[in-house]
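The structure under discussion appears below in the form of structure tokens.
The values are calculated or read from the model by the stated rules, or taken from the named source; none is laboratory data. Computed from a predicted model, the values in this text were never measured in an experiment. Heads up, the Cβs are rebuilt from the backbone with ideal geometry, glycines too, and the neighbour counts pull from every protein chain shown. When the accessible area is computed, the model is the full protein with side chains, heavy atoms only, and any ligands, DNA or RNA have been set aside. Shrake-Rupley method; radii C 1.70, N 1.55, O 1.52, S 1.80 Å.
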Amino acid sequence: MADQKQQTSTLPPGQISTRRVYDGKIVNLDVDTVRFPDGSVGELEMVRHPGASAVVPFLSAPTGDDPQLLLIKQYRYAADGFIYEVPAGRLDAGEDPADCARRELREETGCTAERVEYLSTIYTTPGFTDEKIHLFMAVGLTNGDAKREKDEFLEVETMTLSRALELIERGEIRDGKTVVALLFAAGFRAGR
């Protein structure tokens, strides 16, 4: 047995096989057989997600004094109520993440952006899902009509960046992608 472990430890870690156990509208669930870095093998349940984009929409120049931005306050069953979020949504098959950010901005707020800038890409919960969210910021907004999905219950709110940061600090903004996107925009893009 020790020889087998030593022999398999020279192989790279990764997936050996996968078995689909659930096909859903938003996510799928697989049970993967995985080789770990020490050569051992085990099974992991993996939630498969096509990925998403999220966007921080700035109403005023992000480099100005305390810029204004849009957030949505959306009902989320899993969060047991309404929470603040940046506009976001799933990638369509083959869709470019920046195009997804533009689409979600338009659908959820009615706004179109003159420019969408890439911020970062994050894994939401890499312990059990492969979901990645591509983060952007949008500038040069023009108002239009929102085209929300029938299961989206949200209000668009305008606030300053400093107010949004206060809400993060007080624990009133708890959505992970929103916290990261706002802190990234504030730390690396705004006020410069």
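In this structure, V139 qualifies as open to solvent by less than 20 Å² (accessible area, probe 1.4 Å), part of a strand (DSSP E or B), among the β-branched types (V, I, T) and in contact with a strand residue (DSSP E or B) (Cβ under 6 Å, 6 or more places away or on another chain). In the set (1) open to solvent by less than 10 Å² (accessible area, probe 1.4 Å); (2) part of a strand (DSSP E or B), the condition left unmet by L105 is number (2).
Is at least one residue of region 61-69 under 16 Å from G176 (Cα atoms) and modelled with pLDDT of 95 or more? No - not one qualifying residue is present in region 61-69. Set side by side, the residues G42, G51 differ, and just one is at positive phi and either at pLDDT 95 or above or among the hydroxyl-bearing types (S, T, Y) (or both), which is G51.
Condition first: touching a residue at least 24 places away in the same chain (Cβ under 8 Å), among the small types (G, A, S) and open to solvent by 20 Å² or more (accessible area, probe 1.4 Å). Now tell me which residues in region 154-184 satisfy that. Explain how you work it out, then say what you get.
As a first pass, look at region 154-184 and keep what is touching a residue at least 24 places away in the same chain (Cβ under 8 Å): 154-162, 164, 167, 172-178, 180-182, 184.
Within this subset, residues satisfying the condition of being among the small types (G, A, S) are 162, 164, 176, 181.
Within region 154-184, S162, G176 qualify.
Here E149 meets the list (1) over 17 Å from L91 (Cα atoms); (2) not in a helix (DSSP H, G or I) almost entirely, failing just condition (1). Checking T33, T63 one by one, the residue that is over 25 Å from T124 (Cα atoms) and either open to solvent by less than 80 Å² (accessible area, probe 1.4 Å) or in contact (Cβ under 8 Å) with a residue 24 or more places away in the chain (or both) is T63 and no other. Picking from residues in region 152-189 that are under 20 Å from the mean Cα position of the chain (by Cα), of a type outside the set (D, E) and not in a helix (DSSP H, G or I), the one that is modelled with the lowest pLDDT is R189. The set of residues from region 86-98 being in contact (Cβ under 8 Å) with a residue 12 or more places away in the chain and surrounded by 14 or more Cβ atoms within 10 Å (Cβ to Cβ) comprises V86, P87, A88, G89, R90, L91, P97, A98.
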